[in-house]
Every structure is written in C-alpha cells, then in structure tokens.
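Have a look at the structure below before the remarks.
No value in this document is a laboratory result; all are computed from the given coordinates. Since the model is a prediction, treat every value here as computed from it, not as a measurement. Note: ideal-geometry Cβ built from the backbone for every residue, glycine included; neighbour counts use all protein chains shown.
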C-alpha cells in the first residue's frame, strides 16, 4: 500500500472527529458527572434541602448538553489550524501529513487504538485522540486498504 491523497478538512468535520474522540476519552466523566449530580440532588431533597436538590437534579439533566456544547466550542476555536489544504502519503508502515506549515510522519504502531467509523478513522495514543483520517479523502479501494491495515492489532513500541 502506497498512495497519496489531497483534501481540505472542513471545520465541522474536524469538530465532529475530535468531539467523537473526546467523548470516547471522557466517557466515564460524561456518564459519572450526571449520575453524581442526580444522586446528590436526591439526597439533598430527602434531607430537606429542596432548592439545592432541585438545582443538582437540573444540573444532572443539563450536564451532558453543556459538556457537548463546550467541547464543540473549544474545538471550533482551537482546531481551525487543521482546516488547510493537506496532503496525506499513506504506506503500510504509517502516514505522512503535509500542510504548508507542518509535516508530520507517524507509524501505525505509534497509535494504541484505532476506532473505525462511517466518517473517520480516529487514532488514539494512550486513550487520547491524536489524529483522524476522513474517509471522504480516499477512494473505496484505498479505504479498504486502510481498513485492512488499521484493523490489525498494534502495539506501542518502547522508546
């Protein structure tokens, strides 16, 4: 496998990719925070502090929406630098990402996890989203090649 593609990611595409990655990274917080707020709210209501209890229950209801909104807002402000013409050179060993400002070369073994989705391949290092490859940048044959390479178990090489 050895091919080169050119594309320019749209801001919404970048935001969606990193939103999915951060949701996966913060899955425990995303579930635990509303649960803790709800339990605390119930306890407060039961001990007679009705106003605090209602506030905590309301917080439990809106917390997931606020977290999603804040991730999207942060991503829109901080990730616009990714929305530039980009050239990807893909090989069986890894890929090189080249823009006008930066060139990055990464081996597939660098990534500890790969999540394959309908829109992206999300690449993780130690449970943190590190990169994404948009499927739309590749032909169906190239997508099949990438699926085959990225579905192989990988292991982080010791430095």
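With runs of 4+ DSSP H residues as the only contributors, calculate the mean residue ellipticity of the chain at 222 nm using -39,500 (n - 2.57) per run, divided by the residue total and rounded to the nearest 500.
Values: 4 runs with 75 residues, N = 159.
Dividing the helical sum by the residues of the chain leaves -16000 deg cm²/dmol.
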Among 8, 13, which comes first, second and so on when ranked by fewest other beta-carbon atoms within 10 Å?
8, 13
Using alpha-carbon coordinates, inclination of helix 27-46 to the longest axis of the chain, degrees:
0 degrees
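Quote the Stokes-Einstein diffusion coefficient, in whole µm² s⁻¹, for the range 19-78, based on the Kirkwood radius over alpha carbon pairs, a temperature of 4 °C and a viscosity of 1.567 mPa s. Intermediate results must be reported in sequence, preceding the final value.
Numbers: Rh = 12.3 Å.
Answer, rounded: 105 µm²/s.
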Residues residue 102 and residue 4, FRET efficiency given R0 of 22 Å [Cβ-Cβ distance, rounded to 0.05]
0.85
Going by alpha carbons, how many degrees (0 to 90, nearest 10) lie between the helix axis of 140-150 and the longest principal axis of the chain?
70 degrees
Nearest 10 degrees is fine. How inclined is helix 11-25 to the longest principal axis of the chain, computing both from alpha carbons?
60 degrees
Relative contact order of the chain: what whole-number percent is it, with Cα pairs under 8 angstrom and at least 6 residues apart?
25 percent
Entry for Rg/Rh (Cα atoms, Kirkwood Rh) (calculated from the structure that is shown) out of (1) 1.48; (2) 1.13; (3) 0.94:
(2)
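What order do you get for 84, 15 when you list them from fewest to most C-beta neighbours inside 10 Å? All intermediate terms of the calculation are to be shown ahead of the outcome.
Working: 84 12, 15 21.
The fewest-first ordering by Cβ neighbours comes to 84, 15.
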Give me the distance between the Cα centres of the range 80-142 and the range 1-77, rounded to whole Å.
25 Å
